[in-house]
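The values are calculated or read from the model by the stated rules, or taken from the named source; none is laboratory data. Here the structure is a predicted model, which means the values were calculated and not measured. Neighbour counts are summed over all protein chains in view; Cβ atoms, including those assigned to glycine, are modelled from backbone coordinates with ideal geometry.
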Amino acid sequence: MKTTPVTPADLAASVLSVPPLARRADYAIDLTQNVRLLDHLRSGGVRTFMYGGNANLYNMGVTELRTLVELLIKLSRDGDWFIPSVGSDFGKAQDQIAMLRDYPFPTVMLLPHKAQSTTSGVATGIRKLADAYGKPVIAYVKDEGYVEAADMGRLAKDGAICAIKYAIVRDNPANDPFLGDLVNAVDRGMIISGIGERPAIDHLTKFGLQAFTSGSVCVAPGLSMSLLRAIKRGDIAEAQRIRALFIALEDERDGHSPIRVLHDAVRLAGICDTGPMQPYFSNIADPKILTGIEKVANELLAAERAATAKAA
């Protein structure tokens with residue numbers, strides 16, 4: 001398991017998967033089912049696992065976070081990189097970071113907290129949390145007006161952050177003035193495209209980002225990795241072909257909840273039984289929506305298997 005300081009090369013080495021967290025019927029974390037999901041991701045060459053929003057860590061307390069990180073260490077293999085998340089509010093993040101200092105993870109991600117915050121307050125909070133952790137952290141920017149690009153630049157220069165997960169949704173991801181400001185303020189090798197496969201081509205080609213996060217990678221890890229490689233070698237036609245395979249599932253996620261749809265998509269595709277979602281989230285109950293999710297998830301998994309068989 002990776003324990004060394006984070007570098008841009010680490011960020012660029014793999015699609016950064018953002019998996020759901022499988023739970024048993026009693027809501028306890030399910031070791032067996034999470035192993036199945038990790039093995040599926042590894043089968044496609046994915047070795048970076050970011051436990052954050054899709055794992056519903058927004059609603060995880062300090063005690064259960066300790067349970068989770070101890071489980072991840074137990075499940076780790078050589079070459080794996082696990083990234084736990086803290087927050088989203090500052091107080092909970094403080095308590096969780098104090099606990100995580102006892103473990104060898106090289107960084108943690110700070111979940112975004114837009115509703116009760118100011119831009120300068122967020123910058124101050126990131127700095128204080130990094131100081132308390134004793135290591136640089138990953139900032140997560142998913143809303144306009146959450147934090148200033150110049151503040152991100154100062155935090156990067158001072159070593160408070162090692163990466164930024166950038167996830168502000170745009171109608172046209174190639175037209176993003178804030179991301180333009182961000183890459184001028186921060187080494188673009190530290191910025192991760194954080195909205196899955198849909199904007200990845202524009203983010204990596206136009207803005208020079210080196211990596212992207214994905215939830216749908218949990219269904220098709222090999223295809224997601226192939227997309228990353230195609231972009232990096234400049235084969236944009238192939239990248240567009242592969243990206244198109246993900247859009248139906250991404251449309252379901254955007255239409256009904258990225259976190260909830262992914263949780264059930266992984267289950268409905270038979271990858272692992274993700275079980276119930278921890279409150280305050282809940283599983284999707286509408287049979288019509290579930291039927292649609294099952295259809296597109298299995299189509300994506302079939303494309304993954306076909307690509308694997310062709311490569312063999």
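For (1) of a type in the set (Phe, Trp, Tyr); (2) free of Cβ contacts under 8 Å to residues at least 40 places away in the same chain; (3) farther than 21 Å from Val219 by Cα, each residue gets a yes or a no:
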| position | (1), (2), (3) |
| --- | --- |
| Lys2 | no, no, yes |
| Pro5 | no, no, yes |
| Ser17 | no, no, no |
| Thr32 | no, yes, no |
| Thr63 | no, yes, yes |
| Phe82 | yes, no, no |
| Val86 | no, no, yes |
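Residues of segment 289-311 include none that is touching a residue at least 24 places away in the same chain (Cβ under 8 Å), more than 21 Å from Ala220 (Cα to Cα) and among the aliphatic types (A, V, I, L, M). Restricting to segment 283-312, give me the number of residues that are within 24 Å of the chain's Cα centre (by Cα), assigned to a loop (DSSP other than H, G, I, E, B) and either exposed (fewer than 13 other Cβ atoms within 10 Å of the Cβ) or among the β-branched types (Val, Ile, Thr) (or both). So the answer is 1.
Taking (1) of a type in the set (Ser, Thr, Tyr); (2) under 28 Å from Ser282 (Cβ atoms); (3) touching a residue at least 60 places away in the same chain (Cβ under 8 Å); (4) crowded, with 21+ Cβ neighbours inside 10 Å in turn, Tyr51 satisfies each apart from (3).
Applying the criterion of being among the β-branched types (Val, Ile, Thr) and in a loop (DSSP other than H, G, I, E, B) to the residues of segment 248-282, the residue that is nearest to Pro20 (Cα to Cα) is Thr274.
Looking at Leu223, Leu245, which one is without any contact (Cβ under 8 Å) to a residue 60 or more places away in the chain, of a type in the set (A, V, I, L, M), in a helix (DSSP H, G or I) and within 22 Å of Pro20 (Cβ to Cβ)?
Working: Leu223 fails: without any contact (Cβ under 8 Å) to a residue 60 or more places away in the chain.
Answer to the selection: Leu245.
Do we find that Val183 is in contact with a strand residue (DSSP E or B) (Cβ under 6 Å, 6 or more places away or on another chain) and either buried (at least 20 other Cβ atoms within 10 Å of the Cβ) or within 16 Å of Gly208 (Cβ to Cβ) (or both) in this structure? When the stated conditions are applied, Val183 does not pass them. Just one of the listed residues (Val69, Val46, Val35) is among the β-branched types (Val, Ile, Thr) and either modelled with pLDDT under 95 or in a loop (DSSP other than H, G, I, E, B) (or both), and it is Val46. Here Ala9 clears all of (1) outside any loop (DSSP other than H, G, I, E, B); (2) among the small types (Gly, Ala, Ser); (3) farther than 25 Å from Ile231 by Cα except the condition numbered (3). The set of residues in segment 12-26 being touching a Gly at 6+ places or on another chain (Cβ under 8 Å), assigned to a loop (DSSP other than H, G, I, E, B) and surrounded by fewer than 21 Cβ atoms within 10 Å (Cβ to Cβ) consists of Arg24, Ala25. Scanning segment 139-195 for residues that are part of a helix (DSSP H, G or I), under 20 Å from the mean Cα position of the chain (by Cα) and of a type outside the set (A, V, I, L, M, F, W, C) turns up Arg188, Gly189.
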